[in-house]
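Visitor: The following block contains the structure, expressed as structure tokens.
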Amino acid sequence: QVQLVESGGGLVQAGGSLRLSCAASGRTFSRYAMGWFRQAPGKEREFVAAISSSGGSTYYADSVKGRFTISRDNAKITVYLQMNSLKPEDTAVYYCGASTAMGVVTNQDRYNYWGQGTQVTVSS
């Protein structure tokens, strides 16, 4: 069982930066692939970024590539999402997820655990 708690969301102007954190419970965190997803009002939840259990592989949605960076610290059982050059279209609730699947996992149906989400609002 893994519990996930996101933090770091907030209101930022376009062009600004935020760093989201996802703190996990449990001693098996290093076995899980992790990912960030987001859901904007009126839209379905979409993939943002994923990282393998070791941290050696990452993958990004085209819409955030070059602006967002996913990382993890297995000693601190935390995964991060550094978001730079934010745009109004990045406004959404951001969720982190943990998956028992191998590699980087982009399909949200393959995630076993989810956090409660953190709101990111980018003003123009």
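The values are calculated or read from the model by the stated rules, or taken from the named source; none is laboratory data. In this text the structure is predicted, and so the values were computed from the model without any measurement. Here the Cβ positions follow ideal geometry from the backbone for every residue, glycine too, while neighbour counts run over all protein chains shown. For accessibility, only protein heavy atoms count, side chains too; no ligands or nucleic acids. Shrake-Rupley method; radii C 1.70, N 1.55, O 1.52, S 1.80 Å.
Visitor: Over the stretch 10-124, average the accessible area per residue using a 1.4 Å probe and give it in Å², no decimals.
Guide: On a per-residue basis, the stretch 10-124 sits at 51 Å².
Visitor: In the stretch 40-124, which GluC sites (Glu not before Pro) are in a loop and have at most 10 other Cβ atoms within 10 Å, using DSSP for the loop call?
Guide: Of the GluC sites (Glu not before Pro), the ones in loops of the stretch 40-124 whose Cβ has at most 10 other Cβ atoms within 10 Å are Glu44.
Visitor: What are the ³J(HN,Hα) couplings of the stretch 68-83, residue after residue, when phi is run through the Karplus curve with 6.51, -1.76, 1.60 and θ = phi - 60°? Round to Hz, x for glycine and proline.
Guide: Karplus-based 3J(HN,Hα) across the stretch 68-83 equals 10, 9, 9, 8, 9, 10, 5, 5, 9, 6, 9, 10, 10, 9, 7, 10 Hz.
Visitor: Test of the criteria: in the stretch 12-93, which trypsin sites (Lys or Arg not before Pro) are in a DSSP loop and have at most 12 other Cβ atoms within 10 angstrom of their Cβ?
Guide: Arg27, Lys43, Lys65, Lys76
Visitor: Mind checking the dipole of the stretch 1-74: about its Cα centre, +1 per Lys or Arg Cβ, -1 per Asp or Glu Cβ, Debye to the nearest 20?
Guide: Approximately 80 debye in magnitude.
Visitor: Would you work out the charge dipole size for the stretch 53-92 about its Cα centre, treating the Cβ of every Lys and Arg as +1 and the Cβ of every Asp and Glu as -1, and quote it to the nearest 20 debye?
Guide: Taking the Cα centre of the stretch 53-92 as origin, the dipole is about 100 debye.
Visitor: Enumerate the amide H contacts of Gly16 below 5 Å, restricted to partners 5 or more residues apart or on another chain; note that Pro and chain-start residues carry no placed amide H.
Guide: Leu86
Visitor: Give me a comma-separated list of calculated 3J(HN,Hα) values for the stretch 87-102, in order, Karplus coefficients 6.51, -1.76, 1.60 applied at θ = phi - 60°, integers in Hz, x for any Gly or Pro.
Guide: The phi angles translate into 10, x, 6, 7, 4, 4, 8, 9, 10, 9, x, 10, 10, 7, 6, 7 Hz.
Visitor: Quick one: what are the phi-derived ³J(HN,Hα) couplings along the stretch 32-41, Karplus 6.51/-1.76/1.60 with θ = phi - 60°, whole Hz, x for glycine and proline?
Guide: Karplus values, whole Hz, x for Gly and Pro: 9, 6, 10, x, 10, 10, 9, 9, 8, x.
Visitor: I need to check one value: relative contact order of the stretch 9-108, counting alpha carbon pairs closer than 8 Å and at least 6 residues apart, in percent.
Guide: 39
Visitor: Turning to a different aspect of this structure: First measure r as the distance between the Cβ atoms of Lys87 and Arg31, then evaluate 1/(1 + (r/R0)^6) with R0 = 35 Å and state the FRET efficiency to the nearest 0.05.
Guide: 0.55
Visitor: Two decimals, Cα atoms only, Kirkwood Rh: what is Rg/Rh over the chain?
Guide: Ratio of gyration radius to Kirkwood radius: 0.94.
Visitor: Could you give the dipole magnitude of the chain about its Cα centre, charging the beta-carbon of Lys and Arg +1 and that of Asp and Glu -1, in debye to the nearest 20?
Guide: 260
Visitor: Please report the net charge: other residues with Cβ closer than 9 Å to the Cβ of Val122, K and R +1, D and E -1.
Guide: Net charge in that neighbourhood comes out at -1.
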